[in-house]
Amino acid sequence: MSEPSSTTTSTREAPLPTDPAELLSLMTLEEKLAQIVGFWDKGDGDAVAPLQGAFGDPQSLHDTSRHGLGHLTRVYGTNPVEPTERAAWLWEFQRWLVASTRLGIPALVHEECLTGLSAWKAATLPTPVAWGASFHPELVERAARLFGATMHELGIHQGLAPVLDVVRDPRWGRVEECIAEDPYLVATTGTAYVQGLQAEGVHATLKHFVGYSASQGGRNFGPVHAGPRELEDVLMVPFEMAVHEGGVRSIMHAYTEIDGVPVAADPGLLTGVLRDRWGFTGTVVADYFGVAFLRVLHHVAEDLGSAAALALAAGVDIELPTGDAYLAPLLEEVRAGRVSEELVDRACLRALEQKAELGLLGATFEDEPPTEIELDGPELRAVARELAEESIVLLSNDGTLPLREPAKVALIGPNADRTEALFGCYSFVNHVIPQHPGTEPGIEAPTVREALAAEWSGAEITHVQGCEIDSEDTDGFAEAVVAAEGADVVVAVVGDQSGLFGRGTSGEGCDRDDLELPGVQRQLVEALLETGTPVVLVLLTGRPYAVGWALETCAAVVQAFFPGEEGGAAVAGVLSGRVNPSGRLPVSMPHSVGSQPYTYLHPHLGGDTDVTNLSSRPSLPFGHGLSYTTFERDGLEVVAGQTSADLTVQVNVANTGDRAGAEVVQVYVRDLVATVTRPVAQLVGYARVDLDPGQRRRVSFTVPPARLAFTARDGRKVVEPGAFDVWVGSSCEDRELVQEVRLDGDVHEIGTSDPRLTTVAVEDA
């Protein structure tokens, strides 16, 4: 970036107003447009954004900012830069904007923060699908508070997270960025993230509104064919809760089209739903280059000016990461009378109101930037460790685990000793560092091999890679088999490499057309099984794979969804028994690629029936997860509300084993007869309950009408009277405790002010 002069002083005779509307009235058209765009010194090539190299910055930062600047894009997250040095640069640039532009408005700085701040040397947490596996939104909120405080200290105002797309197809590369296939789990976890980040003065940005995860064939940017009921009752649910319950201040549009209309050009969604129905008052920002993509990819605009007109009218307030369409092309459209300046005013006022909320209007940056900052301190690492431990799912176990004192261990597999295997595609390690060969990760992240060596100091551990992640080369099999034959147990660590746009097996633009483990990894595991030595399979992946064969043949299978910087130690702790696994599947484990797309939320005819010879039943259901202790549930009581369509659900849960553990109590509902088809199971409440051996607790859920509601034929969100099955179990398929209940009275319509959250109370039984 060009360096602004630090010697420029303001010649402004009087301070300018800090009221957004009054400030808007003083602005020229060029100054208004400057406030609704970003600037990104992104460098060359397709490194960290789709088609990044297709767009060039026509001007330097100094020239672009002569009328002011709306956003500074990824100041810390584009290159490996020393955070304190970059902070000094940022403060100097903000002072230049204040002193040298006519209106003196600082820029809003945004960064990626999907797994913590995506910057060099910053703590990196597990991926969001691991958050879902933890079923612990309070812990996610605590994590967001911690790295949100760091972001605020660095002068960052907005984070581009969380991703609230509901998983619909495991073939899609961005499954790792999502939280779950259940909209309520996504909604509660995502809303907790929003509340944590915004509590520290950093605005969260919901991604990607809406439908992105339902793309055709699980292909990135693929067309979406979701009907209005799927949009309303599944895909929109997390966004609505984050608006109503979380008070989110920014939302990013999805790249995709729905039934032929790109979301970035759809006023029915970006204005009609978000603002008119839900009352959202924040800013809608473009996904990177999303406005230009209306011309380049969707072909609904003949040039950038037309693309800008469509997006602005639809309700996209801020063009990110740069002003490819909203600067010169939009200026020409307004000057020619083809776009009303009132639309520019609408977007600019929202941008100014956001800056006012963040304290930027009137800010001088006369304070000093941080000269020391702890990006990966002990408190944040402790949360990263806790989240990693709680997110690991024990899929199967024949009693081999835990391995308390193994003597000879063959540690085999392409992910056994790779730091990158712990992280998702929006981690700095996998997102940016690959573009800078020779750069160290900057954080301490022991691999599984290093963590096991520390966990089992007395064991003889023989490490053999065996094969690459995504290669057909089997030359390493022979050495791996020899190691397995000489060991008491094999720990096989396989899975994904996260990357972007085809440079990985998981991540943005890294979609799959099958759900077998990439490359020859399955063949490697099968070769190890043939030795007769017990094989413990550890999956470090970004998506669920079709590993039903492993569930039947391996001594144990452990699933870790890119568990972050403390993930190696968390895996080691689960294998040794130091950690009692408590994660539960946030996505179904698929049986085959041919059964996709699949979701446990399917109606009756979406599952196995007598009218088709093909099974869609997953290998393991949503909510499944084993423990080293045992739990018992009893005493289910379900009471329907007297004046509204709510439910009270109470159940006892007890630890009947010999060690402490956490049970995830899951409440499901099925509407037995309705005017539209309804899912065979739907999560309406859950609670993570820690229990000592022999401890027994009673868990109470108050399920509001919104959790039972659906979109009726006339478009209203309603709860119809009638019979419902309610059950509590260890997964969506576990109907150990079930009770039928009737809701009487009239159809109950859900209003905008109705609560969306199921409340939970836990007390001694």
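The numbers here are math on the coordinates, done by the rules we state, and not lab data. Quick caveat: nothing in here was measured; it's all calculated off a predicted structure. Cβ: placed from backbone, ideal geometry, glycine included. Neighbour counts: every protein chain shown.
From least to most packed, judged by other beta carbons within 10 angstrom and beginning with the fewest, E332, E112 follow the order E332, E112. Using the beta-carbon distance between T648 and Q523 and R0 = 41 Å, what value does 1/(1 + (r/R0)^6) give for FRET efficiency, to the nearest 0.05? The computed FRET efficiency comes out at 0.20.
Angle of helix 341-357 to the longest C-alpha principal axis of the chain, folded into 0 to 90 degrees and rounded to 10: 60°.
Among I373, I318, I433, I179, the ranking by other beta carbons within 10 Å of each residue's beta carbon, starting with the fewest, stands as I373, I433, I318, I179.
The charge dipole of the range 390-487, taken about its Cα centre with unit charges on the Cβ atoms of Lys, Arg (+1), Asp and Glu (-1) only, comes to about 260 debye.
May I ask you to order 333-344, 223-234, 159-170 by the average number of other C-beta atoms within 10 Å around their residues, highest value first?
Values: 333-344: 15.2, 223-234: 17.4, 159-170: 27.5.
Going from most to least packed, we get 159-170, 223-234, 333-344.
As a rough guide to protection, the peptides 454-462, 675-683 ranked by mean Cβ packing within 10 Å, highest first, stand as 675-683, 454-462.
For the pair E485 and R713, label points projected 7 Å from Cα toward Cβ lie 7.0 nm apart. Structural size metrics of the range 482-630, computed from C-alpha coordinates, are Rg and Dmax of 16.5, 51 Å. Distance between the pseudo-spin-label points of R102 and H436 (7 Å out from Cα toward the beta carbon): 3.8 nm.
Could you compute the FRET efficiency for T752 and A313, with r as their C-beta to C-beta distance and R0 at 22 Å, rounded to 0.05?
With R0 = 22 Å, the Cβ-Cβ based efficiency is 0.35.
Distant-in-sequence amide contacts of E257, defined by a placed amide H-H separation under 5 Å and a gap of 5 or more residues or a different chain, comprise V224, V263. Backbone geometry of the range 693-707 corresponds, through the Karplus equation with coefficients 6.51, -1.76 and 1.60 at θ = phi - 60°, to 3J(HN,Hα) couplings of x, x, 6, 9, 9, 10, 10, 10, 10, 10, 9, x, x, 4, 6 Hz, x marking Gly and Pro. The packing ranking of peptides 410-420, 255-265, highest mean first, is 410-420, 255-265, where packing means the average number of other beta carbon atoms within 10 angstrom of each residue. With an 8 Å cut-off on Cα pairs and a minimum separation of 6 or more residues, tell me the relative contact order of the range 450-504 in percent. 24 percent.
Amide H contacts under 5 Å for V75: H110, restricted to partners 5 or more places along the chain or on a different chain, H placed in the peptide plane at 1.01 Å from N. Compared with the dominant Cα axis of the chain, that is its longest principal axis, helix 137-153 is turned about 30°. Listed by Cβ neighbour count within 10 Å, with the fewest neighbours leading, F239, F561 appear as F239, F561. Relative contact order of the chain, taken over Cα pairs closer than 8 Å and 6 or more residues apart, is 13 percent. Based on the Kirkwood approach, the hydrodynamic radius assigned to the range 631-764 is 15.5 Å, with every pair of different Cα atoms included. Close amide H partners of G657, meaning residues 5 or more places away or on another chain with modelled amide H under 5 Å apart, are T630, G694. Here the contact order of the range 239-316, divided by its residue count and restricted to Cα pairs under 8 Å and six or more residues apart, works out to 35 percent. Taking each residue as 0.36 nm, the span from T18 to E372 lengthens on full extension beyond its C-alpha to C-alpha distance by 124.3 nm. Every pair of different Cα atoms in the range 21-357 enters the Kirkwood calculation, which places the hydrodynamic radius at 19.9 Å. Simple rule: put +1 on each Lys or Arg Cβ and -1 on each Asp or Glu Cβ in the chain, find the dipole, and look at V525, L274, L197; the Cα lying farthest toward the positive end is L274. Between the alpha-carbon centres of the range 708-751 and the range 281-340 there is a gap of 43 Å.
Summing Cβ point charges (Lys, Arg +1; Asp, Glu -1) relative to the Cα centre of the chain gives a dipole of roughly 1020 debye.
Computed over Cα pairs, the Kirkwood radius of the chain leads via Stokes-Einstein (1.306 mPa s, 10 °C) to a diffusion coefficient of 59 µm² per second. Projecting each Cα onto the charge dipole of the chain (Lys/Arg +1, Asp/Glu -1 at the beta carbon, about the Cα centre), which of V741, M241, T124 comes out farthest on the positive side? The residue sitting most towards the positive pole is V741.
Express in nm, to one decimal, how much length is gained between D634 and E450 on full extension, taking 0.36 nm for each residue of separation and deducting their alpha carbon distance. Mind showing how you got there, number by number?
Values: separation 184, 0.36 × 184 = 66.24 nm, distance 4.27 nm.
Additional length available on full extension: 62.0 nm.
Counting 0.36 nm for each residue step from Q739 to R277 and taking away their Cα separation leaves a gain of 162.8 nm.
Listed by chain and number, the lysines whose C-alpha is less than 28 Å from the C-alpha of K717, apart from same-chain residues fewer than 8 away, are K207. With Cα atoms as the point set, the range 213-346 shows a radius of gyration and Dmax of 14.7, 43 Å.
The label-point distance for A660 and S340, in a model that sets each label 7 Å from Cα toward Cβ, rounds to 6.3 nm.
Using the Stokes-Einstein relation with a Kirkwood hydrodynamic radius computed over Cα pairs, the translational diffusion coefficient of the range 392-606 at 4 °C and a viscosity of 1.567 mPa s comes to 74 µm²/s.
Measuring r between the beta carbons of R219 and L605 and using R0 = 35 Å, the FRET efficiency lands at 0.90. Taking Cα atoms only, the orientation of helix 183-199 departs from the longest principal axis of the chain by about 50 degrees.
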